[in-house]
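What follows is a set of notes on a single structure, which appears directly below.
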Amino acid sequence: MDISTELEKAINEQIGIEFAASYAYLSMAAYFERNAFDGFSKWMHLQSEEEHTHAMKFYQYLIDRGGVARIPSIPAPEWDFDSVIKVFEASLDQEREVTRHIYDLYKIAQNESDFATVSFLKWFVDEQVEEEKNVSDMIDKLKMAQGNPDSLLLLDRYALERKAESEV
């Protein structure tokens, strides 16, 4: 069964959103590298790789369903931030935006009774719960550490121990 024109368009948009998220995380990693936060940099590098993988999953799914991949242009990400917590807040905003788009895709698939796409998207719905929780938890920890450089360095070390999705 071929994919509908509306879903094809929406999935192409999602590919762009995932690639934009990957670039944004890479830019966040660069910010942390400039500021000697190795753990936070690693965290953002892992996020960048994960978002790239998500984009490719959408890409391959679209191809497998007979759609045409039209990779959209990607705007340049923010590259300078005021603080560590501001970076993670931007990350949470980004994850919420990705979630919103995935929900929109899910609604389209449900309205079209495209059960294959609904099934495909279920993994992403579940993944976004985890993504938002991870970032929210880090923001909570950063708020507790605010004003304490030792605590901030401990959190950076904690972030260094984070594993990639494929390593878990």
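What to note about this one:
- Any hit, the range 98-121, residues being loosely packed, with under 13 Cβ neighbours inside 10 Å, small (Gly, Ala, Ser) and over 30 Å from residue 3 (Cα atoms): no
- Filter result (of a type in the set (Phe, Trp, Tyr) and modelled with pLDDT of 95 or more) within the range 106-159: 106, 115, 120, 123, 124
- Subset tally (residues that are assigned to a helix (DSSP H, G or I), within 27 Å of residue 156 (Cα to Cα) and not basic (Lys, Arg)) for the range 1-35: 16
- Subset tally (residues that are surrounded by 17 or more Cβ atoms within 10 Å (Cβ to Cβ) and out of contact with any Gly (no Cβ under 9 Å at 6 or more places or on another chain)) for the range 58-73: 5
- Pair list, Cβ under 9 Å, 6 or more apart: the range 117-134 residue within 16 Å of residue 88 (Cα to Cα), other residue crowded, with 16+ Cβ neighbours inside 10 Å and basic (Lys, Arg): 134/162
The values are calculated or read from the model by the stated rules, or taken from the named source; none is laboratory data. Remember, predicted model here, so these are calculated numbers, not experimental data. Neighbour counts run over all protein chains shown; Cβ positions are idealised from the backbone, glycine included.
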